[in-house]
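For reference, the structure is listed below as structure tokens.
Nothing in this text is a laboratory measurement; each read-out follows from the coordinates by a stated rule. All values reported here derive from a predicted model rather than from experimental measurement. No Cβ is skipped: glycine too gets one built from the backbone with ideal geometry, and neighbour counts run over all protein chains shown.
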Amino acid sequence: MFEGLRPQHCRAEVREDGIVVITLDRADKPVNALASALIDELGQLVERLAIEPPRGVVFISAKPAGFSPGADISEFERFFAEGTTGDAIDRGHRVFSRIESLRCPTVAAIHGHCYGGGMELSLACRYRIAADTPETRLGLPEVKLGIHPGWGGLARLPHLVGAPEAMKLMLAGGSVAAGKARSLGLVDRVVAADRLLEGACELLLRRPARPLRQRALAWASNTWPARQVLAPMMRRQLAGKARRAHYPAPYAMLEVWRRHGGSVRGALRPEARSVVRLAGTPTAHNLVRVYFLQEALKAGGAGIDHGIGHVHVVGAGVMGGDIAAWTALQGFTVSLQDNDGAAIERALGRARTLYERRLKTPERVAAALARLSADPEGARVPDADLVIEAIVERTEAKRGLFAALEPRMKPGALLASNTSSIVLEDLRAGLARPGQFLGLHYFNPVAMLPLVEVVRHDQVDATAFQRALGFVRGHDKLPLAVNSAPGFLVNRILFPYLLEAFRLRQEGVPLRAIDAAAKDFGMPMGPVELADQVGLDVCAHVGAVIAPTLGVELPGGIDDLVAAGKRGRKDGEGLYVWTEGKAVKPPLPEHYVPPPDLQDRLILPMLNEAVACLHEGIVASADELDAGVIFGTGFAPFRGGPMQHIRTVGADAVLARLQALAKKHGPRFAPRPGWETLPR
């Protein structure tokens with residue numbers, strides 16, 4: 001059947017029962033990213049299957065990580081540059097349509113990741129079966145790259161699971177576990193991992209029909225009247241999460257489905273044309289760039305033997321407790337020290353909530369909780385391979401703690417501070433082993449923000465620093481290597497933004513208008529709301545450390561709120577009043593018109609400080625700077641990061657706007673060192 005074919009990335013085997021098993025096994029990658037070569041080989045195999053249809057076909061992966069992570073994103077930039085995105089879309093459409101039209105039943109046997117193009121391959125099959133493991137996830141995350149499913153996913157998924165669930169999954173770019181996929185009708189069966197192939201063959205031989213209820217829902221939700229009613233509702237919900245001007249892909253997806261979603265065949269060509277249009281937008285180019293920035297951060301700590309099994313965290317406040325909870329979630333043994341027993345109990349309670357949300361089953365939750373133990377007196381310090389300090393942001397308090405901890409630590413153990421602003425040179429004074437000391441700066445909330453700044457000083461041991469990078473990556477965070485400086489990278493760039501918001505408040509600009517200007521630019525939340533989230537006490541501490549470096553004075557009014565016990569969300573009141581975890585934002589005065597330079601006053605100080613940080617060598621490159629600010633603050637991803645945004649607008653244009661602000665509002669807007677060396 002397959003004589004003369006010599007595929008490199010997949011292989012075909014004819015079983016004794018007449019079923020053909022096609023195994024995806026890309027030769028040059030550890031995962032089955034669907035590069036053009038692999039798609040072409042699949043096409044050749046499917047052509048033979050169309051000539052001599054077997055009893056059935058199973059598509060399965062030989063890669064331990066999963067079925068397929070989707071299209072090979074490393075090819076995207078070439079497609080963009082050559083203008084061949086349409087050719088790549090057409091190639092996938094042809095192959096998947098041939099799979100769909102085979103005159104024999106087909107099944108995708110899925111384990112691990114099944115995303116994007118990999119899921120679209122599975123949707124072209126008649127059946128899907130999934131391994132019952134925590135690692136099995138299915139999703140269509142293309143909106144995170146500024147496009148939408150383009151190999152038939154947008155056309156097929158609504159007709160499989162019904163439009164509401166399909167659009168919810170695609171618009172968010174999320175993923176579902178095997179059990180959820182089964183309940184949605186996305187997969188037909190869930191089996192133990194060691195029975196995946198056997199179960200797939202059984203499914204082919206049984207050829208079950210889809211449940212009548214599922215078919216009826218899929219039909220009804222894709223009729224013309226249903227699409228005209230549902231699409232505007234979905235668009236309104238989407239508008240509260242993502243702006244069309246910033247992220248056009250989800251809106252384009254909705255429109256393709258609204259106009260053409262009555263049948264799979266009718267939606268395929270419009271789907272492809274829409275993706276080609278989106279691929280030419282700055283949003284898509286920048287989001288693909290952000291993807292590669294993320295991959296570069298992952299590579300910075302990958303494969304390093306960090307030798308860390310037991311982590312001891314001192315400080316059970318929100319940061320310390322959540323660092324401990326996250327680390328135990330990732331499989332490490334963790335002990336949590338604090339002289340306040342109630343703080344430890346609160347931290348353990350938050351940990352349980354996190355585990356129940358992430359792990360689902362009582363057995364997995366219990367296993368994670370067993371890895372996290374209360375240690376109020378620090379009895380387990382001698383057992384730890386890494387000790388993380390997460391106490392109050394005061395130099396003398398930290399030094400005193402280090403003096404007590406270091407003599408009890410075993411040889412080779414690392415000591416790390418979670419300081420958010422204090423230079424390590426000030427903290428290392430008095431340490432007997434400064435080479436084993438460094439910074440690990442996490443961001444709040446720990447479970448949501450992926451970045452950790454790994455901070456070096458001039459006496460840190462190179463091996464110790466590499467171990468820290470490996471540990472950060474080893475517990476599913478993105479390590480960013482930064483040099484010691486007040487505020488390091490992220491807070492150094494973020495705080496001019498927050499400080500300017502405080503000044504605008506003093507000038508009488510409504511808080512809601514300040515936040516709205518930042519969100520109009522693309523920030524995930526405004527600076528006022530962010531300050532309340534972080535805590536005004538923390539802002540005041542960090543601002544006091546960073547202000548001398550910025551050459552500015554702290555605006556007044558914040559210390560008064562802190563003294564009155566109004567520190568922000570954690571107290572229920574700060575700059576805003578907080579109710580049920582949400583800020584209550586007063587309405588704008590009637591007919592209010594914000595200052596025309598409001599957005600520039602907020603955003604340009606960040607760009608200015610980014611240039612200074614790059615000039616000072618806080619990070620090694622502009623790409624690392626952009627990655628740090630995006631993943632540490634949520635800086636408008638569709639703009640590609642501060643340095644990318646400067647390139648897009650033009651360094652001279654940004655510089656001229658800064659100079660105009662300095663002339664009008666004062667020297668805090670004066671261009672910082674480094675602008676003169678930027679490419680023009």
Check your understanding: In whole angstrom, how far apart do the alpha carbon centroids of region 454-496 and region 173-202 sit?
Key -> 40
Check your understanding: For the residues E52, E453, what sequence is obtained by ranking on other C-beta atoms within 10 Å, fewest first?
Key -> E52, E453
Review point. 222 nm [θ] for the chain, helices only, -39500 (n - 2.57) per DSSP H run of 4+, per residue, to 500?
Key: -15500 deg cm²/dmol
Practice item. Amide H neighbours of C10 under 5 Å, at least 5 residues apart or on other chains, H built in the peptide plane: list them. Key: D25
Exercise for review: Just flag the chymotrypsin sites (Phe, Trp or Tyr not before Pro) in region 388-475 sitting in loop per DSSP whose Cβ has no more than 15 other Cβ atoms within 10 Å.
Suggested key: none
**Study point:** Whichever aspartates and glutamates have a C-alpha closer than 16 Å to that of K582, once near sequence neighbours (fewer than 8 apart) are set aside
**Key:** D515, E529, D532, D571, E573
Study note, to complete from the structure: Least to most buried among C10, C114, C104, C613, by other C-beta atoms within 10 Å and fewest first, runs C104, C10, C613, C114
Review point. Roughly what % antiparallel, to the nearest 5, for the DSSP beta bridges in the chain?
Key: 30
Exercise for review: Pop out the ³J(HN,Hα) list for region 622-638 in order, Karplus 6.51 cos²θ - 1.76 cosθ + 1.60 with θ = phi - 60°, rounded to Hz; leave Gly and Pro as x.
Suggested key: 5, 5, 5, 4, 4, 4, x, 6, 5, 7, x, 10, x, 3, 2, x, 5
Check your understanding: With r defined as the distance between the Cβ atoms of A216 and E13 and R0 fixed at 45 Å, what FRET efficiency is calculated, to the nearest 0.05?
Key -> 0.75
Exercise for review: For the pairs K144/K180; K566/K663; K180/K519; K477/K566; K241/K570; K168/K519, note any where the Cα-Cα span goes beyond 27 Å.
Suggested key: K566/K663; K180/K519; K477/K566
Exercise for review: Using DSSP, restrict attention to beta bridges with both residues in region 1-123 and report what percent are antiparallel, rounded to the nearest 5.
Suggested key: 35
Check your understanding: Farthest toward the dipole's positive end in the chain, which of L499, G640, T361, given Cβ charges of +1 (Lys, Arg) and -1 (Asp, Glu) about the Cα centre?
Key -> T361
Exercise for review: Work out from phi, with θ = phi - 60° and the Karplus expression 6.51 cos²θ - 1.76 cosθ + 1.60, the ³J(HN,Hα) of each residue of region 280-288, listed in order in whole Hz, and give x for Gly and Pro.
Suggested key: x, 8, x, 4, 5, 4, 6, 5, 5
Point to revise | Radius 14 Å from Cβ of G474, net charge of other residues (Lys, Arg +1; Asp, Glu -1) | key: +1
Revision key, fill the gap. Within the under-11-Å Cβ sphere about T84, not counting T84, Lys/Arg +1 and Asp/Glu -1 give a net charge of -2
Exercise for review: Within region 552-625, report the chymotrypsin sites (Phe, Trp or Tyr not before Pro) that DSSP leaves as loop and that have at most 13 other Cβ atoms within 10 Å.
Suggested key: Y592
Review point. Trypsin sites (Lys or Arg not before Pro) within region 86-181: which are DSSP loop residues with at most 14 other Cβ atoms inside 10 Å?
Key: R103
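Roughly what % antiparallel, to the nearest 5, for the DSSP beta bridges in region 306-489?
For region 306-489, the DSSP antiparallel bridge percentage is about 15.
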Study note, to complete from the structure: Between D132 and residues 5 or more places away or on another chain, the pairs with built amide H atoms under 5 Å apart involve V191, A192, A193
